[in-house]
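What follows is calculated from the coordinates using simple rules that are stated; it is not laboratory data. All values derive from a computational prediction rather than experimental measurement. Quick reminder, even Gly has a Cβ in these numbers, built from the backbone with ideal geometry, and neighbours come from all protein chains shown.
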Amino acid sequence: MSGNGETAPRDPGYRPVFPLDRGPIEEVHAFWLAGMSCDGCTIAAAGAQNPTVEQLMSARLPGLPKIVLHHPVLSVTAGKAFMKAHHAAREGTLGAPYVVLYEGSVADERIAGDLGGYWSAMGAAEAPDGSKQPIPTAHWLRDLAPGAAAVIAVGTCATWGGVPAAAGNVTGSMSVMDYLGKDYLSALGLPPINIPGCAPVGDNITETIAAVLMFLAGFGPLPEFDELGRPKWLFGETVHRRCVLAGNYEEGKFAQEYGERQCLVELGCWGPVVQCNIVSRGALGHAGGCMNTGGICIGCTMPGFPDAFAPFYKKPPGSTLSATLSRTTGSFVSYLRQFTQKSRNRTPNWARAQAVPSGWANVDGGSSIAERAVGGVYDYLRRRGTRFEAGSARQRALQAPSHRHLRSGQAEREGAE
Ligand code: SF4
Ligand code: SF4
């Protein structure tokens, strides 16, 4: 490291004590550090609704400790007052457990230092020449991580490297897990937790923090994470499986222009291989989200993003085969479904009368000989293996007592009149 903002690393053997045996933790500090970031993750977290940042900070969720948030943009303190808790945590005198949240990728500060500057920094430390120099957030991460109850990487830059670490990476940017290394474990024995997305769904951020805090407070089990440290309940499925347009893929219906409400794979959607929950959760407040609003998936939650998905808006090569297969089988399936749908859009009265009394349009209520023949076979298959048949002798026998009761009540009422 250069002398720029250099701070002596803490004793690597240092481990704070979490007094879980003295009862539930009531307060946890959260240090939000920003590396090579656009602040999009901060905006996403600030807009989260389930839970909100305010709920986390005011201990309004039963069982959750209060979060004391130290955020370079959202905190109301500044300067030395803002940095005081950071220094205390680093020196082991904070007196409360803490978690580290890192937004943005971790740049190689040696490159900037050699050029006489820094990439991302917060606070200042005295340099050997007596001057005050900015402390890189990478150094804060290095120094705070060993004592943290958990280190949470927020957003794709922090989880995998993201855009700053793409081809041509002049800043030596890397992910939090690359920076801390394979052997890193937090004070509670956790490797870095990764919440990817560019930017992530805000609720994914706050919900994961809440789940980890619930564990910290002794109120819940440690949530399940996958082999890359992603919350498994949020990133276990491809976005395609929950996509609002997935039924179109299955029936071989593909959009050729934006705005068509059909599967977007031929416009460049990578959804079938991308782990993301945005279509079921929405981008913000359960609204929006890529395919919900007609946009394709460019794989922003994935470690390979952006290089492995570029150029964007070009059809993924594998989709040629899968889309052709879907077209072949899907067009037949789609025809059969339309056929069945038409007959399910008729009441028994309309089906008998072969007419639909709709004032909205001139609906063809009739059915051709072929439709009646296929419909007969379909209905036979539908009922096969059961004892149910609408209007059957058995159904009439089961309904007979009710009909008798209604008739006798009606007769009594007429007699009384
Ligand atoms: S739009 Fe994308 S995610 Fe949705 S069905 Fe098509 S390929 Fe799958
Ligand atoms: S659907 Fe794709 S582009 Fe949209 S947020 Fe998820 S991973 Fe990113």
Practice item. Whole Å is fine, so just give me how far the alpha carbon centre of region 202-265 lies from that of region 44-67. Key: 21
Check your understanding: Among the chymotrypsin sites (Phe, Trp or Tyr not before Pro) within region 369-417, which fall in a DSSP loop and have no more than 11 other Cβ atoms within 10 Å of their own Cβ?
Key -> PHE388
Check your understanding: What spacing in nm lies between the two simple spin-label points modelled at ARG384 and LEU398, each 7 Å away from Cα in the Cβ direction?
Key -> 2.2
**Study point:** Separation between Cα centres of region 104-140 and region 316-352, rounded to whole Å
**Key:** 61
Review point. What ranking of ILE152, ILE298 emerges when the number of other C-beta atoms within 10 Å of each C-beta is taken as an exposure proxy, fewest first?
Key: ILE298, ILE152
Exercise for review: Fewest Cβ neighbours within 10 Å first, please rank SER319, SER105, SER131 accordingly.
Suggested key: SER131, SER319, SER105
Point to revise | Over 28 Å [Cα-Cα, the chain], rounded percent | key: 61
Check your understanding: On the first, second and third principal axes, largest extent first, how far apart are the outermost C-alpha atoms of region 20-230 in Å?
Key -> 50, 38, 33
Review point. Hey, which of these cross-link pairs are over 20 Å Cα-Cα: LYS253/LYS314; LYS80/LYS132; LYS66/LYS182?
Key: LYS66/LYS182
Review point. If the viscosity is 1.567 mPa s and the temperature 4 °C, what Stokes-Einstein diffusion coefficient in µm²/s follows for region 149-297 when Rh is the Kirkwood radius over Cα pairs?
Key: 77
Check your understanding: Mind checking which of ASP114, ASP129, ASP226 has the largest fluctuation in a GNM of the chain, springs on alpha carbons under 10 Å?
Key -> ASP129
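Is the shape of region 237-337 best called rounded, prolate or oblate, per the rule: a/c under 1.5 gives rounded, else a/b larger than b/c gives prolate, else oblate, with a ≥ b ≥ c the square roots of the Cα gyration tensor eigenvalues?
oblate
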Review point. Within the P(r) computed for region 264-417, what percentage of the Cα pairs occupies the region above 21 Å?
Key: 71
Exercise for review: Sort by residue number and name the cysteines in the chain that have no neighbouring cysteine Cβ under 4.7 Å.
Suggested key: CYS38, CYS41, CYS157, CYS243, CYS263, CYS269, CYS276, CYS290, CYS297
Review point. What is the extension gain from SER358 to ASN345, computed as 0.36 nm multiplied by their sequence separation minus the C-alpha to C-alpha distance, in nm to one decimal?
Key: 3.5 nm
Review point. Among ARG404, ARG242, ARG60, whose mean-square fluctuation peaks in a Gaussian network model of the chain (Cα, cutoff 10 Å)?
Key: ARG404
Check your understanding: Hey, got a sec? Which GluC sites (Glu not before Pro) in region 23-125 land in a DSSP loop and have at most 14 other Cβ atoms within 10 Å?
Key -> GLU26
Revision key, fill the gap. Ordered by fewest other Cβ atoms within 10 Å, a rough proxy for footprinting exposure, TYR98, TYR118 read TYR118, TYR98
Exercise for review: Out of all DSSP beta bridges with both ends in the chain, state the antiparallel percent to the nearest 5.
Suggested key: 30
